[in-house]
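Visitor: Below: one structure in structure tokens.
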Amino acid sequence: QLQWPPFHCIQSAPCVIVRNFCLLPLFLPRLPFLPFLLVCVNCAPESFTDVKVDRYFTPIRCPREVQTEDFVRYHFNGTLEADGKQFDSSHDRVQALVSQVGSGRLLSGLDRGLEGMCVNERRKISVPPHLAFGTVGAGSVIPPNAVLVYDVLLLDIWNKDDKVQIRTLYRPEDCIRAAVASDFVRYHYNGTLLTGDMFDSSYLRNATYDTYLGQGDLIEGMEEGLLGMCVGERRVVIVPPFLGYGENGSGSTVPPQATLVYEVLMVDVFNSKDNLTVTVKEVPESCSRRSKRGDFIRYHYNGTFQDGTPFDSSYQRNSTYNTYIGKGYVMKGMDQALQGLCIGEKRRIIIPPHLAYGESGVGDLIPSWTVLVFHIHVIDFHNPKDPVVIRTTLRPPDCPQTSEANDWLQYRYNCSLMDGTLLYSSDQFDSPSVTTLGMNAVISGLETGLSGMCVGEKREVVIPPHWAHGENGAAGVPGSAVLLFQLELVDLQKGVPDGFMFVWVEDSPEPLFPAMDLNGDKQVPLEEFSDFIELQSKEGKGRLRPGVDRDAVIKDMFYNQDSNRDHKITEEEIQLKDDTVPQRDEF
């Protein structure tokens with residue numbers, strides 16, 4: 001077994017090493033003219049001639065292996081095989097080694113040993129002398145003919161031809177727009193090295209990273225990785241070092257020449273040139289008018305961020321949001337969005353930050369530079385100048401008389417909000433409702449709606465809040481609510497003529513005084529007189545003039561009958577009044 005040795009022979013004579021035994025080559029006598037040196041060596045066990053690799057830990061997943069011309073970043077401990085003495089360690093320097101495989105920058109044995117490695121793989125690479133420092137060694141650290149053992153942990157691999165790698169984990173089906181240069185984006189991310197070690201996370205700060213694209217505010221690889229993302233999209237973006245923080249790294253968290261892995265969730269995308277985005281979801285069949293500047297509107301809404309995270313809802317408060325339109329009481333974008341709607345209309349509105357809360361946000365509720373999405377439902381709106389609106393749905397052909405002030409009316413009704421929510425109905429009671437026009441016993445808008453009706457007529461009456469219960473509302477009626485009444489006039493009795501305080505609807509009792517003398521004591525004091533008059537009104541036999549102080553009217557009527565001013569009425573006084581028949585005698 002012959003081999004030319006890797007060390008110098010005596011002078012330049014040909015040498016032959018014979019391992020384990022001496023052998024005189026048969027061809028030597030045929031070359032008497034050549035001097036030679038025959039060395040007989042009793043060798044120890046056979047020494048190795050190539051790199052030995054012990055892969056004592058390999059990761060389960062290995063998307064990429066080291067190849068020639070790849071750059072690598074790795075940690076190592078270097079020891080002598082002979083005695084285990086350490087001659088070098090990147091761990092001691094607390095800085096990984098960065099080099100290019102196959103470029104001659106490393107020992108040729110270490111070059112070979114690194115090939116095929118995966119990130120997070122651990123190897124022991126044994127390098128023979130002729131692939132290390134040979135017979136010369138390295139000063140006092142590495143002796144001649146030393147076998148070197150490198151314990152290597154691979155941290156990173158990249159190549160100068162690498163590009164940003166993008167892997168989409170999730171992309172919403174509904175992608176209204178994708179991020180482009182000049183957009184402002186808000187995103188969450190976890191940033192790790194190839195080893196999986198985290199170097200940064202927006203989640204840990206509980207705040208998105210907010211920036212413009214295309215203005216150089218981000219590392220080049222991240223700029224590229226964010227382009228084309230939709231709100232709600234998730235991506236893994238792998239950035240090679242030269243498109244990341246390069247040879248300088250970033251502080252103590254990102255080492256020099258580190259490949260960066262970002263898992264990104266896009267939260268918001270908008271452009272400073274964006275306007276409102278309005279999507280009409282539902283429009284009622286009938287729309288007599290649309291909201292305009294100066295109107296007062298009541299609406300329900302759900303407010304979310306673009307990723308669907310809710311931040312506010314009027315439904316949860318069980319109360320509409322009420323405001324004037326176009327007067328700056330709400331954010332600029334909402335002010336615009338509330339104009340031109342019908343009662344009952346539903347819309348989806350996307351408001352960019354510069355038309356919402358901008359850089360300031362709203363405390364812990366709405367972050368700065370946040371796009372807001374509102375789903376709104378218009379309940380009603382009105383203008384402070386709006387009149388009562390009356391629409392006749394049925395009018396009998398025979399209409400001998402119509403309702404007017406002082407008339408007694410019996411009517412049916414349904415009272416609802418403009419979205420159809422029923423508030424009250426006369427059908428809830430045993431008999432229709434009654435009122436006397438002009439007594440202010442009902443809201444003024446209903447007074448107007450009941451005026452001029454025929455018996456049997458039906459109407460729809462829209463009453464704005466300033467003709468109803470105003471901004472405070474009433475029991476069961478929301479504040480500032482527009483009311484819709486469906487009316488039917490059941491009966492009508494003409495009212496008290498001018499100049500009279502009380503009239504008999506039916507024939508007065510005959511004789512009158514015994515009917516008034518409720519306790520039969522032949523005299524009627526004010527209290528008894530008042531009870532008698534109220535009883536006649538209640539039973540519908542007589543009627544007091546509406547719209548006046550009832551107690552004052554009854555007292556006036558009493559003293560008109562009490563001729564002698566002794567605070568009681570007698571039968572003689574009643575007869576005397578019958579004889580004289582004064583102008584103001586209601587009896």
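The values are calculated or read from the model by the stated rules, or taken from the named source; none is laboratory data. Since the structure is predicted, the reported quantities are computational estimates derived from the model, not experimental observations. So basically every Cβ, Gly included, is an ideal-geometry build from the backbone, and we count neighbours across all protein chains shown. Just the protein is used for accessible areas: all its heavy atoms, side chains included, with ligands, DNA and RNA removed. Shrake-Rupley method; radii C 1.70, N 1.55, O 1.52, S 1.80 Å.
Visitor: Could you order peptides 116-122, 351-357 by the average number of other Cβ atoms within 10 Å of their residues, highest first?
Guide: 351-357, 116-122
Visitor: Sticking with this one: As I understand it, the value is the acute angle between the Cα axis of helix 550-561 and the longest principal axis of the Cα atoms of the chain; what does it come to in degrees, rounded to 10?
Guide: Long axis of 550-561 versus the principal axis of the chain: about 10 degrees.
Visitor: Another question, then. Among Ile219, Asn275, Tyr187, whose Cα lies farthest out toward the positive end of the dipole of the chain, if unit charges sit on the beta carbon of Lys, Arg (+1) and Asp, Glu (-1)?
Guide: My answer, from the dipole projection, is Ile219.
Visitor: Counting every Cα pair in segment 182-300, what percent are over 18 Å apart?
Guide: 62 percent
Visitor: Give me Rg over Rh for segment 106-167, both radii from the alpha carbons and Rh done the Kirkwood way, two decimal places.
Guide: Rg divided by Rh gives 1.14.
Visitor: Cα to Cα, under 29 Å, and not fewer than 8 places away if on the same chain: which lysines meet these conditions relative to Lys124?
Guide: Reachable lysines: Lys52, Lys85, Lys160.
Visitor: List the aspartates and glutamates whose Cα sits under 20 Å from the Cα of Lys292, skipping any in the same chain fewer than 8 residues away.
Guide: Straight-line reach from Lys292, under 20 Å: Glu282, Asp335, Glu345, Asp380, Asp386, Asp419, Glu471.
Visitor: So how strong a dipole does the chain carry about its Cα centre when Lys and Arg Cβ are +1 and Asp and Glu Cβ are -1, to the nearest 20 debye?
Guide: 4260 debye
Visitor: Over the chain, give the accessible area per residue in Å² for a 1.4 Å probe, as an integer.
Guide: In whole numbers, the chain has 54 Å² accessible per residue.
Visitor: Note down the magnitude of the dipole of segment 222-349 about its Cα centre, charges +1 on Lys and Arg C-beta and -1 on Asp and Glu C-beta and zero elsewhere, to the nearest 20 debye.
Guide: For segment 222-349, the charge dipole is close to 940 debye.
Visitor: Just how large is the dipole of segment 408-491 about the Cα centre, in debye to the nearest 20, putting +1 at every Lys and Arg Cβ and -1 at every Asp and Glu Cβ?
Guide: With only Lys, Arg, Asp and Glu charged at Cβ, the dipole is about 80 debye.
Visitor: Right, next: Ordered by packing density, taken as the mean number of other Cβ atoms within 10 Å over each peptide's residues, highest first, how do 386-394, 342-350 rank?
Guide: The densest-packed peptide leads the list: 342-350, 386-394.
Visitor: Sticking with this structure for a sec: Tell me which of Tyr329, Val371, Ala356 sits at the most positive position along the dipole axis of segment 275-385, charges placed on C-beta atoms (Lys, Arg +1; Asp, Glu -1).
Guide: Tyr329
Visitor: Share of Cα-Cα pairs in segment 237-367 beyond 20 Å, in percent?
Guide: 60 percent
Visitor: How far is helix 571-580 tilted, in degrees, relative to the longest principal axis of the Cα atoms in the chain, given as a value from 0 to 90 rounded to the nearest 10?
Guide: Once rounded, the angle reads 80 degrees.
Visitor: Among the listed pairs Lys273/Lys332; Lys346/Lys458; Lys458/Lys541; Lys522/Lys555, which have their C-alpha atoms separated by more than 25 angstrom in this model?
Guide: From the list (Lys273/Lys332; Lys346/Lys458; Lys458/Lys541; Lys522/Lys555), the Cα-Cα distance tops 25 Å for Lys346/Lys458; Lys458/Lys541.
Visitor: Provide Rg over Rh for segment 441-559; use the alpha carbon set for both Rg and the Kirkwood Rh (inverse mean inverse pair distance).
Guide: 1.10
Visitor: Still on this structure, please answer the following. Output the relative contact order of the chain, whole-number percent, from Cα pairs under 8 angstrom with separation of 6+ residues.
Guide: Answer for the chain is 7 percent.
Visitor: Moving to a separate point now. Carbon and sulfur atoms: what percent of the 1.4 Å accessible area of the chain do they account for?
Guide: Answer for the chain: carbon and sulfur cover 50 percent of the accessible area.
Visitor: Moving to a separate point now. Work through the residues other than Lys555 whose Cβ is under 12 Å from its Cβ and net out their charges, Lys, Arg +1 and Asp, Glu -1.
Guide: -4
Visitor: Moving to a separate point now. Report the one residue of Ile142, Leu204, Trp504 whose Cα lies farthest in the direction of the positive end of the charge dipole of the chain (charges on C-beta: Lys and Arg +1, Asp and Glu -1; origin at the Cα centre).
Guide: Result: Ile142, furthest along the dipole toward the positive end.
Visitor: Here is a follow-up. If each DSSP helix of 4+ residues adds -39,500 (n - 2.57) and the sum is divided by the residues in the chain, what number results at 222 nm, nearest 500 deg cm²/dmol?
Guide: For the chain, the value works out to -3500 deg cm²/dmol.
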